[in-house]
1. Quick one: how many residues across segment 242-265 are in contact with a Leu (Cβ under 7 Å, 6 or more places away or on another chain), more than 10 Å from Val195 (Cα to Cα) and not β-branched (Val, Ile, Thr)?
2. When you check Leu98 against the structure, is it assigned to a loop (DSSP other than H, G, I, E, B) and either more than 21 Å from the chain's Cα centre (by Cα) or surrounded by 13 or more Cβ atoms within 10 Å (Cβ to Cβ) (or both), yes or no?
3. Could you identify the single residue in Ser85, Ser111 that is assigned by TED's automatic domain parsing to the domain that holds Thr156 and touching a Phe, Trp or Tyr at 6+ places or on another chain (Cβ under 6 Å)?
4. For Thr26, state whether it is surrounded by 17 or more Cβ atoms within 10 Å (Cβ to Cβ), farther than 26 Å from Thr156 by Cα and more than 18 Å from the chain's Cα centre (by Cα).
5. Please specify each residue of segment 129-152 satisfying the condition of being assigned to a helix (DSSP H, G or I) and under 21 Å from the mean Cα position of the chain (by Cα).
6. Among the numbered conditions (1) assigned to a loop (DSSP other than H, G, I, E, B); (2) touching a His at 6+ places or on another chain (Cβ under 6 Å), tell me where Pro46 comes up short.
7. If you scan segment 147-160, which residues turn out to be within 24 Å of Ala214 (Cα to Cα) and surrounded by fewer than 21 Cβ atoms within 10 Å (Cβ to Cβ)?
Amino acid sequence: MKTVLITGLAGFVGSHLVDYLLQDSTIQIVGVIHPLHEVRHLEEHPRVRIIREDILKNGKLNKILKEAQPEEVYNLAGLAHVHESWNKRKDTLYTNFLGAFNLLEACRKLSAFPRTLLIGSADCYGIVPENEQPITESRPLVPSSPYAVSKIAQETLGVQYGRTEKLPVFLSRSFNHTGPRQKETFVCSAFARQVAAAETMDDVSQIQVGNLEARRDFSDVRDVVRAYTSIVRKGVPGEPYNVCSGSAISIGDVLRKLVSFSDHNFEVVPDPEKFRPSDLPLLLGSSEKLRAHTGWSPGYNIDTTLSDLLNYWRAQLKSASPVTL
């Protein structure tokens, strides 16, 4: 059996990564989640072992990795919400940087350093003019939030291990992704939940929105986890890879597509609290390097992704009552 260790496996992306890896009957998974975090989207499985531990406790992490002896490691743990990072600056830096450092040092103590992926973010590019997009990996990193600072620090650490120390440490810079199981604090999921909830009511329903003009490069989460495994198995250590679709869609078109999947009547209502002063008009990435180095390509189109997301929320709300908007 091949052992894969995943930190933060119980969330949105982690649960999809588990689903994808379990398709290989020769893989067993050891998952590490914070003791205070809820286990979501995962069912018991004989090839999945979950350990509750804080990755900032390096002694405990060393013990976990020594016992597991993983051949691959995916670091999905950390604080991932950009806007919350302004109010949780220290926690964001500690968890995203020191957590990654502890993990890499625990890997170093093993007899064989496992192939390890650190998940970065397109937020590290900062504000990029539209005429200089799509963004490639050669673009300078200019952090515009504490979250971006933490991810740049984490990536710099990975570059040191991967290039200078010649260890199998791999790096992603992930753009927007969505799909079933995503929290409703993210725009596509927020819209999908509102549409699904409205379908349970008789009257015309309101959908509260922010800036509908912004365009984003959305990938399906199921394509994203395939990209992660492709980077680990075929990528170059210490080299960052954009994980993105290579095409952009406006937030307004996302909403229109979701509404088109429903027979219900809706009224779109702007919500001032949902508008962001520094919202970028466009965030578009180039996935050419990822495709060239690994052979990866997207398997889902945006219509399928949004339809599956809406059906996820329909099922969630059907099993929960009462429904509130």
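1. Number satisfying all stated conditions: 5.
2. No, not satisfied.
3. After ruling out the rest, the residue left standing is Ser85.
4. Spelling it out, it is not the case that Thr26 is surrounded by 17 or more Cβ atoms within 10 Å (Cβ to Cβ), farther than 26 Å from Thr156 by Cα and more than 18 Å from the chain's Cα centre (by Cα).
5. Scanning segment 129-152 gives Pro146, Tyr147, Ala148, Val149, Ser150, Lys151, Ile152.
6. Condition not satisfied by Pro46: (2).
7. Val149
The values are calculated or read from the model by the stated rules, or taken from the named source; none is laboratory data. Computed from a prediction, not measured in an experiment: that's the story for all the values here. No Cβ is skipped: glycine too gets one built from the backbone with ideal geometry, and neighbour counts run over all protein chains shown.
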